[in-house]
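Here is the structure we will look at, set down as C-alpha cells.
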Ligand SMILES: C[S@@+](CC[C@H](N)C(=O)[O-])C[C@H]1O[C@@H](n2cnc3c(N)ncnc32)[C@H](O)[C@@H]1O
C-alpha cells in the first residue's frame, strides 16, 4: 500500500505546527490538491489533523489513523500501569536500582519501546531510517513536549531522535571510544508479529513502508562491535533468533533469553554492567 500524498484536514486559516512544504521535501511525497475521499476506498494519505500528523486510510469503516501519541492511548496506559521497573524490557536492558544505561534504539519505529525505556529513566537515542515514520515520531515527540505534565516533559527530554540508517550511524561510532552506547536495542520487523484486526492492518501498512528489515543480521553484527555492555534483540516469542534467521552471517547465539507472553528478548552480553 503506497502513500498517495500529503493532505491537511485543518482549515487553511488554522496554524499547524507541521510545515507542508518541508514535509513534502523530507518525505518525497506530493501535496494533494483534492480531498482524500476522492481517492476511493483503502488509499493511504499522510494527513495533518487536529490530532497531529498521521497516516490516514480512506473509505468507510476505516481504522483510526496511525500516529505517535505519547500523551494518551497505549503509550500513556503502559506508562501508568505497565509495571515500571519490573517489566521484562527493564531487565533485558540491565536496569539496576540506580544505574540507568544510555540506550541506542537502532530500530525506532513508532517509538513505543524507546518511550518505555525513557519512562524508566534511561537516556534514549532513537534511530529511524524511513522518512515517513521518522516524521510521525518527530511530530509525536514535538506534541508531547508541549504538555503541562512535568514528568512527561522529563521523559521526552531524555529522548533524542535521529533520522538515519543505523548501519551507517553505527559505522560512524569509534569501536574503541568511551562514548559508545551502553546498550544497543534492536527490534527489527518480523513477519506476522501480532493478531488483532487493527494491529494486523497497522502492521501490514508498516510492513509495506519498511519491508522485512532484511539487513537485521548486518545490524546485529555491527551492534555487537559498538555497544559497551550489551545488545538486546526483541523478537516475537516463538520466532527464530537473528542468528538462525541469517545463518550465513555467522552470528553468535544469545547469551541470555527473557521470554514474555508475546515477545522475547535475546541478550548478547559484551561486558559486565556497572552495579549502580
Ligand atoms: C518493528 S519496528 C520497531 C518498533 C519499535 N520497537 C516500537 O516500539 O515502536 C522496526 C523499525 O526499525 C526501522 N529500522 C530497521 N532497520 C533500520 C536501520 N538499519 N536503520 C534505521 N531504522 C531501521 C524500520 O524502518 C522500522 O520502523
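Some values worked out for this structure:
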| read-out | value |
| --- | --- |
| Total residues in the stretch 59-77, condition in contact (Cβ under 8 Å) with a residue 40 or more places away in the chain and over 20 Å from the mean Cα position of the chain (by Cα) | 1 |
| Failed condition for residue 259, given (1) modelled with pLDDT under 95; (2) over 20 Å from the mean Cα position of the chain (by Cα); (3) surrounded by fewer than 17 Cβ atoms within 10 Å (Cβ to Cβ) | (1) |
| Selection status of residue 7, in contact with a strand residue (DSSP E or B) (Cβ under 8 Å, 6 or more places away or on another chain) and surrounded by 11 or more Cβ atoms within 10 Å (Cβ to Cβ) | yes |
| Selected residue (only one of 223, 271 is loosely packed, with under 13 Cβ neighbours inside 10 Å and either in a loop (DSSP other than H, G, I, E, B) or modelled with pLDDT of 95 or more (or both)) | 271 |
| Meets criteria (assigned to a loop (DSSP other than H, G, I, E, B) and within 15 Å of residue 106 (Cα to Cα)) for residue 214 | yes |
| Condition met for residue 206 (part of a loop (DSSP other than H, G, I, E, B) and within 13 Å of the ligand (Cβ to nearest atom)) | no |
| Residue 186 being in the same structural domain as residue 102 (by TED's automatic domain parsing) and modelled with pLDDT of 95 or more | yes |
| Check on residue 107, part of a loop (DSSP other than H, G, I, E, B), closer than 11 Å to residue 185 by Cβ and in the same structural domain as residue 171 (by TED's automatic domain parsing) | yes |
| Residue within the stretch 149-163 that is within 14 Å of the ligand (Cβ to nearest atom), out of contact with any strand residue (DSSP E or B) (no Cβ under 7 Å at 6 or more places or on another chain) and either closer than 28 Å to residue 260 by Cβ or without any contact (Cβ under 8 Å) to a residue 60 or more places away in the chain (or both) present | no |
| Sole residue being over 30 Å from residue 218 (Cα atoms) and either surrounded by fewer than 17 Cβ atoms within 10 Å (Cβ to Cβ) or out of contact with any helix residue (DSSP H, G or I) (no Cβ under 6 Å at 6 or more places or on another chain) (or both), chosen from 139, 50 | 50 |
| Test: residue 74 is assigned to a helix (DSSP H, G or I) and either modelled with pLDDT of 90 or more or in contact with a helix residue (DSSP H, G or I) (Cβ under 7 Å, 6 or more places away or on another chain) (or both) | yes |
| Test for residue 96: is it modelled with pLDDT of 95 or more, assigned by TED's automatic domain parsing to the domain that holds residue 131 and either assigned to a loop (DSSP other than H, G, I, E, B) or surrounded by fewer than 16 Cβ atoms within 10 Å (Cβ to Cβ) (or both) | no |
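The values are calculated or read from the model by the stated rules, or taken from the named source; none is laboratory data. Note that the structure is a prediction, hence the values are computed from the model and not measured. Glycine also receives a Cβ, built like all others from the backbone with ideal geometry; neighbour counts cover every protein chain displayed.
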